[in-house]
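Each reported figure results from applying straightforward, stated rules to the coordinates on display, with no laboratory input. This is a predicted model, so every value here is computed, not measured. All Cβ positions, even for glycine, are placed from backbone atoms using ideal geometry, and neighbour counts span all protein chains on display.
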Amino acid sequence: MKRLALFIFIMFIAFSATAKEVTLVAGLSLPPYIIQESNSGMEYDIIKEALAKKGHVLKIKYVPFVRVAVDYKKVDGAVTINESSGIKGNYSNDVMTYKNYAISLKKNSVKVNSINDLKDKKIVAFQNATKYLGPLYAKTVKSNPKYSEIAKQVLQVKLLYSGRTDLIVSDINIFKFYKKKVKGMKTTAKIKLHELFKGVKYKVLFNDASIRNDFNAGLKMLRKSGRYNAIIKKYVK
């Protein structure tokens with residue numbers, strides 16, 4: 001018994017020595033991925049639970065997006081980032097894929113097979129879409145007087161279902177999240193997803209390779225157990 005108690009004590013000390021609070025910088029709130037007000041969101045929860053699998057406690061430090069590439073050095077790393085940032089470091093396995101679509105109501109039979117087809121449609125996109133969706137997209141919609149961008153993406157959903165726009169351009173999970181928030185109008189009409197844009201896979205950047213390895217192991221456990229998909233469904237189903 002004494003030997004068993006000693007073994008458990010030693011293992012506890014060893015575990016405590018390796019587990020730690022992990023502080024990661026993140027850009028400002030982007031529901032449903034990261035919700036700053038409640039320290040939640042599908043991406044937040046997945047990162048938190050993956051770290052917890054190895055005894056680590058997540059702490060997020062919110063900064064303007066332009067500060068992420070600088071402030072990550074002051075803490076343990078950064079989230080919603082990938083190698084395209086140009087930063088060298090210990091990147092995790094893929095955590096989340098962001099995927100934008102042009103979205104229409106199926107009943108309206110809007111024909112969109114390429115970005116060029118957006119030149120004459122009434123479109124409401126997310127704010128700064130022309131900066132993120134590539135030069136061809138920016139060039140195409142620039143000459144379209146019926147194109148606009150808005151910051152409040154719940155309004156996109158309302159405009160689509162009220163028939164006041166042909167298309168919205170939105171990340172699919174953001175669309176699903178805000179669709180759940182709409183009150184006072186029907187949002188049951190079927191939608192059509194026009195796949196014009198490539199998905200972007202995001203990771204976590206860690207300054208410490210051993211914590212990165214712990215995170216990858218925890219992330220693998222979440223996927224294998226089905227918990228990863230359960231977290232996603234919690235926010236968008």
- Item | Helical mean residue ellipticity (222 nm; -39500 (n - 2.57) per DSSP H run of 4+; nearest 500) of the chain | -11500 deg cm²/dmol
- Roughly what would the spin-label model give for Lys152 and Asp94, points 7 Å off Cα along C-beta, in nm? 3.5 nm
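Strictly over 30 Å apart at the Cα level, which of Lys73/Lys99; Lys139/Lys181; Lys106/Lys180; Lys59/Lys181; Lys48/Lys122 would you flag in this model? Write down the numbers at each step before the final one.
Values: Lys73/Lys99 28 Å; Lys139/Lys181 33 Å; Lys106/Lys180 19 Å; Lys59/Lys181 27 Å; Lys48/Lys122 40 Å.
In this structure, Lys139/Lys181; Lys48/Lys122 exceed 30 Å between Cα atoms.
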- Fraction of the pair-distance distribution of the chain above 28 Å, Cα-Cα pairs, percent: 42 percent
- Along each of the three principal axes of the Cα atoms of the stretch 100-194, give the extent in whole Å, ordering the values from largest to smallest. 36, 26, 21
- Task: Name the residue, out of Lys48, Lys59, Lys190, whose mean-square fluctuation peaks in a Gaussian network model built on the chain with Cα pairs under 10 Å.
- Result: Lys190
- Query: Over the Cα atoms of the stretch 148-204, how large are the radius of gyration and the largest Cα-Cα distance (Dmax), in Å?
  - Reply: 12.3, 39
- Message: Considering only C-alpha atoms, what is the centroid distance from the stretch 160-237 to the stretch 51-73, in Å?
- Response: 20 Å
- 5 angstrom amide H check on Lys20, placed H, neighbours 5+ away: His56, Val57
- Task: Would you calculate the separation in nanometres between label points at Lys190 and Lys59, each defined as 7 Å from the Cα along the Cα-to-beta-carbon direction?
- Result: 5.1 nm
- Task: Post the alpha-carbon centroid distance, the stretch 24-38 to the stretch 80-117, in whole angstrom.
- Result: 18 Å
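Taking every DSSP beta bridge with both residues inside the chain, roughly what % is antiparallel (nearest 5)?
Working: 19 of 34 bridges.
Antiparallel bridges: around 55 percent, rounded to the nearest 5.
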